[in-house]
Structure formats: C-alpha cells, structure tokens
Amino acid sequence: MKYMKKAAILMLVVMMTMAITITSSAEKVKLVWTTCCAQTDRHALFKDIAEQYMAKNPNVEVEWMYPAGNYTDNMKTYYAAGAAPDVIWIGGDIWVFANLFLPLDELVAKDAGAKAINPAILRLSQFEGKQIGLPYGANSHTMMYNKDHFGEAGLAYPHVNWTFDDLQRMAKVLTRDTNGDGQPDRWGVHLYAVTQWGLTAGGDFYTPDGRKAQFANPVTIDMLQFAADAVSGKLGISPVPEDAQAGLKGLVSIRNLGIFDVPAYRQAPFDWDVIKFPAWVHNNQRYENTFVSLENWAIFNTTKHPKEAMDFVSFLLSREVMQQITTAGIVIPTQSIMTPSFVQSSPPANLKAFIEVLDHGHRISNTHPYGRDITTWMNSQTTWRNIWNGTVPTRIALPELQEQINIMLDEYWASVGAN
C-alpha cells in the first residue's frame, strides 16, 4: 500500500512537472518595439525584420509599433504611464531619456554587431561612461560641389586634404554675375546649418563629463567668424538671405549635404559629387569636423524581459539585418563592413565620403540631458543672433555665451543631485 502511495505521488509530481513545462513552453515572451518615423518603406522593412526574428525565436513575440504624432512626447507619456516599450528607435532625442535606458556596455563587449560599430560613433551615444544607445545608422554631412560650375570656371575639384582657405579661394572664383546686372546671382558656397556644426570646429560642445561647455576655444572662435562673415554677406561668396534650395537650383556651387538630401540631388540637372568637409587650420594644425546625427536602438529600464530585449537588439545589429537596412538605403550604416553595400547605391561617385566623415563627428549642443534647453536659450540670445548679422565678433560673443551656459549647467547638475 505504501509503495502504491509513493508511486502515485511520484506520478503526480511527474505530471505536474510536465504540465509546468508545457505551460512554460507555450507562454511567449512579448517585446514591444517602437520605431520612428512616417516613412512607409521603413515600416515594411521593420515589420519584416520582426517576423524574421520571431521565426528564429518562436518563444518570443515582437509587436512592432509606429506611434503616430510626436514620437518623443509619446515615449514620455508611455514611460510615465508604466507602459513604455521594451526596445525603441531613438534619434537625437536620446538625451531626453538618458537616465531611463538600460546600459548596453555588455553588448558592446561581447556582441559582434555592436563591436562592428565605428568607435568614433559609439562614443556619441555614451552618457556618464555608459552606452545608453547603440547607433546602427547615421546622417552625416559632406560638401557637395557642382562639377559643371567648376568646369566653367576652370577650377580643379576639391581634394581630400583641402582647407577652408581653399574653400574661400574657390568660392570667390565661383561666385558669378551671370546676367550682367552687376550683382552676383550664382554663389560660391552655402554653409547650411552652420549654426549647429560650426560650434564644434575645435571639438565637442561639452567637456567629456558634460559638466561644462567648451566651445569658446580659439579654433571654434576663428572658424565661426569665417562662417559668420560668409553668412552675413561680408565675404561676398554666399547668398543673403539664405536659400536652403539654392544648391539644388544650381545657384550655389558648394554646399554641405546630408544623406537625406541625396535622393533629391540625384534628380538634379547638373553633374555633382561630394567630398569631406575642408579642415580648419589653426597654428599649423588641421581640425576636422562635420555634422553627424544618429539613429539608435535602446532599451527602456522598465522592460520585464531585459535578456530577450538584448538578444533582439543583437539581432538588429547582426550582419543579416544590417545588410537589409543598408540595401534599403534608409540610413548611413555605422558598421564599416557595410561600406561595400552602401556605395553600390551611387551616385554620387564618392558616396563613401558619407561614411568616411563619421570619424569627424562631434557632440553638438543638444547632445546632453539639458541640451534642448541650452540650445533653445542660445538661439534666443541677441548676442548669438548678432554673430550672424555681422555686428558682434565671435571673440567677444562666444566667451560671453559660454559663461552663461556654464552657469546654467551648474544649476542643472545641482538640481539632479550630481556631485
């Protein structure tokens, strides 16, 4: 009897174990993955990528979601309501959530896809020594030059070691009065959005620890003065007022170009190519710079499934997926192994320049948890605006602005309890 009782108990335990095992295997882990923005070609690609992952990982359900409306505001609302997604796409507003993401340093150390990301780009998504996002793609700026204009002027094309002195010399020759009315109607250069990237001519906008601003350095002061003289019309080589479409209209010979501008320029009725930004030379030393913005994968610290979320991000950075993203042409890949696939989509002939300049990106004013406020404040200042209308020199304006911003940073760090 005792033997039968023990056997019955043992059988019951076995059955319960089997039931638990079956139940556990039947229960799927659900990850919510949100991406931005409204490009329907991205939607189709990302939904397909989610399906590919689920086919390889049948125990995980990935719900892809594109929340219409203001993406950043939606993420704030979801997080505050305790309904934040697990894995998200995040661009320049990564700094709004800097303290709300899981550190991804483990992936950087161990994952092949994360290791393949350009280190110069990886550092741009680090905060207080932690990797808060993994940049899979970027938008960088190169200089577009109108080859037809150069041919008409008898000028050699810009070369890889060119400088801003070369740029100014070329722009003077390229500025033309084509209709004979005594006024230029075709300009040598348009320094588009220089108010953003010009402030990093001498390095990052902030110190490495983010405690102070450091843009009032001799290199940035000098380079930004050149830019202000061009933008204000003092040099006579740039359109005043600015026209964002002047390059596409054939009214500007040299203009910085982002990767998202390339499709429109492929329809332009003139021959053109791109090259990296010219270097600024100060005391016989070359300083390289460009504008770079990033597209990251990040994981909210509220996820209930960090292991699976990490594995999904690893999949997103795998060669298999990055090949699809690169071939789709939606972004510049940050992994050098993707360069051959990226350059196949040319023109322009020197499309690889968009990848080469990634080494020269710096942290601009909004790459900080308090960066939005600082950027808004700076743009509102009369002193800042007077730089661009040519009434206040940068050697006076930049130190004044930096001093005020450093006071703001001191107050910010005190408010968050930083030492």
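List of remarks:
- Legend: distances between Cα atoms for LYS30/LYS304; LYS110/LYS304; LYS28/LYS76; LYS276/LYS352; pairs beyond 18 Å are LYS110/LYS304; LYS28/LYS76.
- Distance between the pseudo-spin-label points of ASP105 and ALA418 (7 Å out from Cα toward the beta carbon): 1.7 nm.
- For the range 266-419: relative contact order, % (alpha-carbon pairs under 8 angstrom, 6 or more apart): 21 percent
- With the cut-off at under 18 Å, measuring from each backbone N in the range 56-97 to a point 7 Å along the Cα-to-Cβ line of HIS305 picks out 56-66, 83-89.
- A Cβ-based charge dipole, computed about the Cα centre of the chain with Lys and Arg at +1 and Asp and Glu at -1, lands at about 1220 debye.
- Summing Cβ point charges (Lys, Arg +1; Asp, Glu -1) relative to the Cα centre of the range 29-72 gives a dipole of roughly 80 debye.
- Taking label positions 7 Å along the Cα-Cβ direction at both ARG286 and ALA38, the computed distance is 4.2 nm, reported to one decimal.
- Most fluctuating residue given options LYS352, LYS28, LYS56, as computed from a GNM of the chain linking Cα atoms under 10 Å: LYS56
- Close amide H partners of ASN301, meaning residues 5 or more places away or on another chain with modelled amide H under 5 Å apart, are PHE101, LEU102.
- Listed residues ILE396, ILE330, ILE299, most fluctuating in the chain (Gaussian network, C-alpha, under 10 Å): ILE396
- VAL62 sits among other residues whose Cβ lies under 14 Å from its own Cβ, and their net charge, with Lys and Arg +1 and Asp and Glu -1, is -3.
- Reported to the nearest whole Å, the Cα centre-to-centre distance from the range 176-205 to the range 364-386 is 22.
- Helical runs assigned H by DSSP (4 residues or longer) give the chain a calculated mean residue ellipticity at 222 nm of -12000 deg cm²/dmol, each run adding -39500 (n - 2.57) before division by the residue total.
- Value of relative contact order over the chain, rounded to a whole percent, pairs C-alpha under 8 Å and six or more apart: 23 percent
- Whole-Å semi-axes of the chain's equivalent ellipsoid (Cα gyration tensor): 50, 26, 17
- Neighbour-limited loop hits for trypsin sites (Lys or Arg not before Pro), the range 235-277 (at most 12 other Cβ within 10 Å; DSSP other than H, G, I, E, B): LYS249, ARG266
- Listed residues VAL219, VAL108, VAL29, most fluctuating in the chain (Gaussian network, C-alpha, under 10 Å): VAL29
- Put a plus charge on the Cβ of each Lys and Arg, a minus charge on the Cβ of each Asp and Glu, and nothing anywhere else: the dipole of the range 40-157 about its Cα centre is then about 240 debye.
- Computed extension length for TRP377-LYS76: 106.1 nm, one decimal, from 0.36 nm per residue of separation with the Cα-Cα distance subtracted.
- Relative contact order of the range 215-296: 17 percent, from C-alpha pairs under 8 Å at least 6 residues apart in sequence.
- Alpha carbon centroid spacing (whole Å) that separates the range 317-344 from the range 254-310: 14 Å
- Whole-Å distance, taken between Cα centres, linking the range 207-252 and the range 82-139: 30 Å
Read-outs throughout are calculated quantities, based only on the coordinates presented, and are distinct from any laboratory measurement. Everything numeric here is computed off the predicted structure, so don't read it as measured data. Every residue, glycine as well, gets a Cβ built from its backbone with ideal geometry; the counts of neighbours run over all protein chains shown.
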